Each structure stands twice: as structure tokens, then as C-alpha cells.
Amino acid sequence: MTQAQMLVTILEAAIGSCALVFVTFALWPSVRLDVFRQQMFAVRDELFDYAASGKIGFDHPAYRLLRQSMNGFIRYGHRITFFQINMSMLHWKIVESHAPMDWTERWDRAISTIDDADVKNSLLAFHRRSIMLVSGRLVFGSPVLLLVLAVGTLIELFNLGWRSAKAAFERSLNRTTTTLIDVRRLEEEAARAAA
């Protein structure tokens, strides 16, 4: 290999490396945020359609709180990262250690006022879906949490007897998020962001 060929190879490798770094650290996070917001918009739109069908009123507290939470997550989505959440958790422990879980308390009260089990289950399902989106946003943005998720999924697969990879993944994702982060605090922040 001549010096000119070696120089061209080094230049190509440098350009390729720069392009990879640009895509990884500039474009990919933006795409992930846009996908998260679009998915949350879709769940929020389904919730709106559900209310428009007459199954729950637009003025019902459970509907309004759930919509407020989703709006907050859409607005707050850029801050749902492992680093940001750790800094927020530290802030909550130091500054707001005795702050009430206002959104959670209001949600529990509002959901308990619904007599129809189908409507209650549907609203709880919308809530679970929004929390799963937040969990996915958080976990898939952190190499540390991805490793924890991979190990947790393998453990869940063994516990389930290799029957359902999807169930093992969802359980592991939920466990990874709820073990490391108080999701109620995330909802409080989302409610503040939406206000």
C-alpha cells in the first residue's frame, strides 16, 4: 500500500467516524424525541376519541388529569433522560422531600369515582400505555439502563419458561423503570410542565 492510498484510507475512516458521531449524537436523539412525542400524541388522540364516543365526559377529572399528564410528557419529553431524571430525583430528595404527590392523589380519587368497570379499565390502560412510552424513552436512551433491561429480560424469560418474549420484555421494562425511578414523581413533573 502506497502512502497516498494509506492517506486516502485514513481520510475515509476519519470522515466515516465523524459522520457516525454526528448521526449518533446529533440526529438520533432528535429522532428518538420526535418518535416519542408522536407516539404520545397518538395515545392522547385515542383518549380524545374515547371521550368523544361518549364513554367519559371531557370534563371528568380522570380524563382531564390523564390528558394533562400526557401533555406534560409531550412538553417535558426532552428532559426524560437518565441523567436528567437522576438530577431531578436528587432535587426532589433534597428540596421537595415532603412535597405531596398531588397529581397521583387526584388521579386516584378521580379514577375511584368511575362506576363503570370498562371505562375505569380503559382509562387505566391509557395511563399504562403513556407510562410505558415514558419508560421506553428513558431506558432506550441510556446504555446503563439498556444493560439492566437486557439482563432483566433474560431473567424474566427464565421465570416465564421461555413462553413469551414480549411479556418478559414488558415486565422487565416496567421493573427497570419502577425500580430505579419513582414514576409518580415523573407524573408530578409532567403535570407541572403542562400547567
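The values are calculated or read from the model by the stated rules, or taken from the named source; none is laboratory data. Computed from a prediction, not measured in an experiment: that's the story for all the values here. Cβ sites come from the backbone with ideal geometry, for glycine too, and all protein chains shown count toward neighbours.
Among the residues of region 1-58, count how many are among the aliphatic types (A, V, I, L, M), outside any helix (DSSP H, G or I) and closer than 30 Å to residue 123 by Cβ. Write out each step before concluding.
First, pick out the residues of region 1-58 that are among the aliphatic types (A, V, I, L, M): 1, 4, 6-8, 10-11, 13-15, 19-21, 23, 26-27, 31, 33, 35, 40, 42-43, 47, 51-52, 56.
From what's left, outside any helix (DSSP H, G or I): 1, 56.
In the following step, the residues that additionally are closer than 30 Å to residue 123 by Cβ were identified as 56.
Final tally of qualifying residues: 1.
For first residues located in region 137-154 and closer than 14 Å to residue 181 by Cα, partners that are outside any helix (DSSP H, G or I) and lie 6+ apart or on another chain with Cβ distances below 8 Å form the pairs 137/80; 138/80; 138/81; 138/181; 142/81. The sole residue among 127, 91 that is modelled with pLDDT under 90 and either part of a helix (DSSP H, G or I) or surrounded by 15 or more Cβ atoms within 10 Å (Cβ to Cβ) (or both) is 91.
For region 94-118, the set of residues classified as assigned to a loop (DSSP other than H, G, I, E, B) and within 20 Å of residue 195 (Cα to Cα) consists of 96, 99, 100, 101, listed by residue number. Got a number for residues in region 65-88 being polar (S, T, N, Q), in a helix (DSSP H, G or I) and under 14 Å from the mean Cα position of the chain (by Cα)? Summing the residues that are polar (S, T, N, Q), in a helix (DSSP H, G or I) and under 14 Å from the mean Cα position of the chain (by Cα) in region 65-88 gives 3.
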